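Visitor: One structure, pasted below without further comment.
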Amino acid sequence: MYAADDTPNDCFRKYRKVEDSYEDHAQFLTSGGRYRELFDLPVTDYKGWARGLQKTGYATDRAYANKLIKLIEDYELYRFDNKNYRKGVTRKQEVTPTTWTHQPYKTHGLVYVIAVNGDNFAGIANEFGFKEKDLLKFNEVPEGFPLSEGDIVYFQKKKSRADKPYFEHVVQIGESMYSISQKYGIQLRNLYRLNKKSYEYVPEEGDVLRLR
């Protein structure tokens, strides 16, 4: 069927059953070579998939990746990547005592570590003698929030605004208000407030955000 979207006569597909749309969508992504490199990513790397889909031309919306990531995080859909969660089993992430494997750093006046593949908040909290709930609070995330390689994990409360000379930030593909708040050590609610944005706002590539 044809309808107005980006142009007056764009093509859409209509299905009799929702299952048919899932199957057709999977075939669309796996056929041809445009999206082939995305299948090298872990199936749980929703941020990488969102960025990759936008970069390969899957959607014309400049905020597509950012919107997709925000939806996944707002509704905690990443929980469905956990087999125990899908089975209805609720239990805390297993923690094995260990010696320090992360190097602490300090920037913006805040101490933090960089997550590596396989990390979770429970493990990092155990490694450095924190309570998991405190790390979750410092980093403004709910229990079960997944860590990706390269994520910043703060060991103290973030600031109300960025330090000088960080006055503005130009949004890149795949960035969210949360990831930007982590990058500069700013409390998320203050980043929204500084830019007079509601919590429904999704930054688009090229948007300029105030940091202080």
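What follows is calculated from the coordinates using simple rules that are stated; it is not laboratory data. None of these values were measured; they are calculated from a predicted model. Please note: Cβ atoms are built from the backbone with ideal geometry, for glycine as well, and neighbour counts cover all protein chains shown.
Visitor: On a 0 to 90° scale, report how tilted helix 64-74 is relative to the longest principal axis of the chain, with both axes built from alpha carbons and the result rounded to the nearest 10.
Guide: So the helix axis and the longest Cα principal axis differ by about 60 degrees.
Visitor: Could you calculate the contour length gain from Leu41 to Lys55, that is, 0.36 nm times the residue separation minus the distance between their Cα atoms, to one decimal place in nm?
Guide: 3.6 nm
Visitor: How far apart, in nm, are two points set 7 Å out from the Cα along the Cα-to-Cβ line at Gln172 and at Arg16?
Guide: Going from the Gln172 label point to the Arg16 one covers 4.8 nm.
Visitor: Let me ask you something else. Which of rounded, prolate, oblate describes region 92-154, given a ≥ b ≥ c as roots of the alpha-carbon gyration tensor eigenvalues and a/c under 1.5 marking rounded, otherwise prolate only if a/b is larger than b/c? Before the final figure, lay out the partial values.
Guide: Working: a/c = 1.41, a/b = 1.19, b/c = 1.19.
In terms of gyration-tensor shape, rounded.
Visitor: Based on Cα positions only, what radius of gyration and what Dmax would you give for region 1-75, in angstroms?
Guide: 13.8, 37
Visitor: State the dimensionless ratio Rg/Rh of region 127-193 (Rg: radius of gyration of Cα atoms; Rh: Kirkwood radius).
Guide: With Rh from the inverse mean 1/r over Cα pairs, Rg/Rh is 0.97.
Visitor: Among DSSP beta bridges lying fully in the chain, give the percent that are antiparallel, nearest 5. It would help to have the intermediate numbers written out before the result.
Guide: Numbers: 11 of 12 bridges.
Within the chain, antiparallel bridges account for around 90 percent of the total.
Visitor: Rounded to the nearest 500 deg cm²/dmol, what is the calculated helix-only ellipticity per residue at 222 nm for the chain, with -39500 (n - 2.57) per DSSP H run of length n ≥ 4?
Guide: Calculated from helices alone, the mean residue ellipticity at 222 nm is -9000 deg cm²/dmol.
Visitor: On to the next question. Using the crude model of +1 on Lys and Arg Cβ and -1 on Asp and Glu Cβ, and no other charge, please compute the dipole size for region 2-84 relative to its Cα centre, in debye to 20.
Guide: Computed about the Cα centre, the dipole is about 60 debye.
Visitor: Average the reciprocal distances over every distinct pair of alpha-carbons in region 168-210, invert the result, and give the Kirkwood radius in Å.
Guide: 10.2
Visitor: Between rounded, prolate and oblate, where does the chain land on the alpha carbon gyration tensor, with a ≥ b ≥ c its root eigenvalues, rounded for a/c under 1.5, else prolate if a/b exceeds b/c?
Guide: Oblate shape, in that a/c is at least 1.5 and b/c is the bigger or equal ratio.
Visitor: Related question: Round to the nearest 10 and give me the degree value, 0 to 90, for the angle of helix 18-30's Cα axis relative to the longest principal axis of the chain.
Guide: Result, in degrees: 80.
Visitor: Here's another thing I want to ask about it. Report the FRET efficiency, 1/(1 + (r/R0)^6), for Lys131 and Tyr105, where r is their Cβ-Cβ distance and R0 is 25 Å, rounded to 0.05.
Guide: That gives a FRET efficiency of 0.75.
Visitor: Still on this model: Within straight cross-link reach of Lys55, meaning Cα distance under 18 Å, which lysines are found once same-chain residues fewer than 8 apart are removed?
Guide: Lys47, Lys67, Lys70
Visitor: Pull up all non-local amide H partners of Ala162: gap of 5 or more, or a different chain, and H-to-H distance under 5 Å with H placed in the peptide plane.
Guide: Amide H neighbours of Ala162: Arg212.
Visitor: A follow-up question, please. What are the lysines whose alpha-carbon lies under 16 Å from the alpha-carbon of Lys106, with same-chain residues fewer than 8 places away excluded?
Guide: Lys157, Lys158, Lys159, Lys164, Lys183
Visitor: Select from Asp151, Asp40, Asp74 the residue whose mean-square fluctuation is largest in a Gaussian network model of the chain (Cα-Cα springs shorter than 10 Å).
Guide: Per the Cα network of the chain with a 10 Å cutoff, Asp40 tops the list.
Visitor: Could you give the length gained on full extension between Lys196 and Glu76, defined as 0.36 nm per residue of separation minus the Cα-Cα distance, in nm?
Guide: The Lys196-Glu76 span can extend by a further 40.7 nm.
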